[in-house]
Amino acid sequence: MPKNKTIKTDLLIIGGGIAGLRAAIEASKHCKVLLITKGKAGESATEKAQGGIAAAIDKIQDSTEFHFQDTIKAGAGLCDKKAVEILVNEGVSRVIELIKMGARFDRAETEGGTGYSLAIEGAHKRRRILHAGDETGAEIERTLGSKIISDGLVKISPYTIGIDLIIKDGKCIGATAIDTYNHLTLNILAKATIIATGGICQTYLYTTNPGVATGDGVAMAWRAGAEVQDMEFIQFHPTSLVAFKELEDIIALPRFLISEAVRGEGAKLINVKGERFMPSYHKQKELAPRDIVSRAIVNEMKKTKSKHVWLSLSGLGAEKIKKRFPMIYKTCLERGLDITKENIPVAPAAHYFMGGIKTTIEGETNLPGLYAAGESVSLGVHGANRLASNSLLDGLVFGTRAAKTALKYLKEVKQLPKTIKTKAGKPCSLNKEKLESIRMTIRNIMWKGAGILRNGKGLKTASQKLKDINQKLDYQPKNLEEVEVKNLGTVAGLILKSAIDRKESRGAHFRTDYPQTDNQNWKKHLIYSTKDKA
Ligand code: SIN
């Protein structure tokens, strides 16, 4: 049996991606912070982000107003204008701060005179994406991580997974967790808690997300009574590498992303008959919004009875490919594909979650003491479809804001209980193999029933299967697998409920039985809490 330990801190941050790290830096100036992260330090979707971070730093060719307009347009009617204004305006200051902390983005002499090489991706009308080669997320994670370590103010506990929030008198006072490295179960008592656990796309068979993206924060907030919003909106990235298809079907490795920036530099999509197809789907062609490109690819795959389409980089030239996309070049080469000579087989995969824990623009949830930021949150900044390269910016901007709000709150908290009693709960009777098989079943159900194209019949079948599965997951988790599989089941159930309820198509949610956008009835968010549990 792991030993039990109680820890006290001012602020608990759950999650070590961009939002959690940026929140930690902000808060560490004023209070004691403990950051727990379930993998090794830095293991997150942030670390894998390729394309870059969007910010209108070019004051001549671009403006925050243009960035605002592009974000609103991609969001398909569900963006909160105030949240987007904050994103694009505060985003510029946050990015400049990040550069001052040491982030090394690619430089170039440009007309706008910023000194930075600015890329373009889908649905942006200007070049505004700062990047570090094709490993922008890793560079940002390195910058924020180094700042935290050199300041030495934040205690980071890696390999520590949050289980449940601790709620007393309706307020959040921390979380229970498992420190898998030291074999401890923890009661972490905190005056305030920020959830920054990132995405949920491991609920899908094919995803670009790392294995850690199992929606833990969303599930634990939901169980504690927090509201969730926009759960039906999953963004499918158009171009993930289809390499080891057979292996992927068995063990569902995350699919390697081929950044949208590759299309930004001129790569073209062609079907297996060799025909370029995007011009017949949208005037922005390969740089149309992601949902449109993903659906076009699925259509072409169906038409040609193929498992992929091709991404052709033939117009880019070998030198540019190697210089601008060194990691993509190297990774593809390791998988037997020389992208300076050959087309890349690609297909869409689940990539980003626009839904999540409902917060205000200050990062507040409906539970006092509980704050949230980053991909685990839905505050309307991305609407029904996120604009490319706005996610890292979201983490920076709203991670900072959540920390500032939590700081104000925790100053008012007089004291924490010395210890707390947690419920023992029903133990899990499923062994590791069984849990892994359930994990794969959930991912298959979601891919089949709630994927890029959905319909009422498929969603309801998926929902019934999930209900049966979720009955088996009604246990108190004691290890990583038990936590993750339970959380995947919870999040998948919520996605299905929301997708069944929204009887229209909008942004990333496309229903073949309701193919039109219905602004009269559905230009609204779907918000649920345990009170509405079916
Ligand atoms: C990409 O590089 O295509 C991903 C960037 C993003 O998700 O915004």
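Worth a mention:
- Lys408 versus Lys168: modelled label distance in nm, points set 7 Å from Cα along the beta carbon direction: 2.5
- With every protein chain in place, the range 198-345: carbon and sulfur % of accessible area (1.4 Å): 55
- Coordinate range of the alpha-carbon atoms in the range 139-204 per principal axis, descending: 40, 36, 26 Å.
- For the range 46-124, carbon and sulfur atoms together expose 50% of the accessible surface, with a 1.4 angstrom probe and every protein chain in place.
- Across the range 405-444, the residues whose backbone nitrogen lies under 18 Å from the label position 7 Å along the beta-carbon direction of Gln476 are 419-430.
- Measuring between alpha carbons in the structure, the pairs from Lys418/Lys486; Lys460/Lys503; Lys171/Lys358; Lys432/Lys465; Lys125/Lys523 lying more than 19 angstrom apart are Lys418/Lys486; Lys432/Lys465; Lys125/Lys523.
- Each of Ala403, Leu387, Leu370 was placed along the dipole of the range 340-429 (beta-carbon charges, centred on the mean Cα), and the one lying farthest toward the positive end is Leu370.
- Sequence-distant aspartates and glutamates (8 or more away, or on other chains) whose Cα lies within less than 14 Å of Lys100: Glu139
- Surface/4 estimate of mean projected area, convex hull on alpha-carbon atoms of the range 407-530, nm²: 11.4
- Note on the range 393-534: with neighbouring protein chains present and a 1.4 Å probe, carbon and sulfur make up 51 percent of its accessible heavy-atom surface.
- 222 nm mean residue ellipticity, helices alone, for the chain (DSSP H n ≥ 4; -39,500 (n - 2.57); rounded to 500): -11500 deg cm²/dmol
- Lys503-Gln69 pseudo-label distance in nm [points 7 Å out on the Cα-to-Cβ vector]: 3.7
- Heavy-atom surface of the chain, accessible at 1.4 Å and reported per residue (Å²): 40
- 10 Å binning of all Cα-Cα separations within the range 267-381, expressed as whole percents from 0 upward: 12, 30, 27, 18, 11, 2
- Total charge dipole magnitude, the range 1-54, about the Cα centre, Cβ charges on Lys, Arg, Asp, Glu only, Debye to nearest 20: 260
- Under conditions of 10 °C and 1.306 mPa s, the range 97-145 yields 138 µm² s⁻¹ as its translational diffusion coefficient, taking Rh as the Kirkwood radius over Cα pairs in the Stokes-Einstein equation.
- Equivalent ellipsoid dimensions for the range 1-81 as semi-axes, Å, which come from the Cα gyration tensor, largest first: 36, 16, 14
- Convex hull volume of the C-alpha atoms in the range 266-308, normalised per residue: 66 Å³.
- Per residue, the convex hull around the alpha carbon atoms of the range 167-275 comes to 175 Å³.
- Where only alpha carbons of the range 407-450 are counted, the Rg and the Dmax (Å): 20.2, 50
- Inter-centroid distance (Cα atoms) of the range 455-534 relative to the range 284-345, Å: 31
- The equivalent ellipsoid of the range 66-190 has semi-axes of 36, 22, 13 Å, largest first, where each one is the square root of 5 times an eigenvalue of the Cα gyration tensor.
- Taking only the Cα atoms of the range 322-393, the ratio Rg/Rh comes out at 1.20, with Rh defined as the Kirkwood radius.
- Where N is the number of residues in the range 213-308, Cα Rg divided by 2.2 N^0.38 Å: 1.35
- Full extension of the segment from Leu337 to Thr512, taken as 0.36 nm per residue of separation minus the current Cα-Cα distance, would add 59.4 nm.
- Square roots of five times the Cα gyration tensor eigenvalues for the range 369-453, Å: 33, 29, 9
- Across the range 372-412 the C-alpha pair distances fall into 10 Å bins from zero in the proportions 28, 48, 18, 5 percent.
- Trypsin sites (Lys or Arg not before Pro) within the range 337-414: DSSP coil, no more than 10 neighbouring Cβ in 10 Å: Lys341, Lys414
- Full-stretch length increase - Lys125, Lys305 - with 0.36 nm per residue and alpha-carbon distance subtracted: 61.4 nm
- With Cα atoms as the point set, the chain shows a radius of gyration and Dmax of 22.0, 69 Å.
- Positive-end residue of Ala347, Thr64, Gly15, charge dipole of the chain with Cβ unit charges: Gly15
- Probe 1.4 Å, all protein chains present, accessible-area order of Cys79, Cys172, largest first: Cys79, Cys172
- Between helix 18-28 and the chain there is an angle of about 40 degrees, using the helix long axis and the longest principal axis of the Cα atoms.
- Applying 1/(1 + (r/R0)^6) with R0 = 35 Å to the Cβ-Cβ distance of His30 and Ala318 gives a FRET efficiency near 0.10.
- Taking the charge dipole of the range 173-264 about its Cα centre, with +1 at Lys and Arg Cβ atoms and -1 at Asp and Glu Cβ atoms, the residue from Leu189, Ile234, Ala224 reaching farthest to the positive side is Leu189.
- Segment Arg276-Asn4, extension gain: residue separation times 0.36 nm, minus the distance between their alpha carbons: 91.9 nm
- At 0.890 mPa s and 25 °C, Stokes diffusion of the range 54-119 via Kirkwood alpha-carbon radius, µm² per second: 192
- Its Cα centre serving as origin, the chain has a Cβ charge dipole (Lys and Arg +1, Asp and Glu -1) of approximately 1000 debye.
The values are calculated or read from the model by the stated rules, or taken from the named source; none is laboratory data. As the structure is a computational prediction, the values presented were derived from the model and not from experiment. Virtual Cβ from ideal backbone geometry, glycine too; neighbours counted across all protein chains shown. Remember, those area values only see protein heavy atoms, side chains included, never the ligands or the DNA or RNA. Shrake-Rupley method; radii C 1.70, N 1.55, O 1.52, S 1.80 Å.
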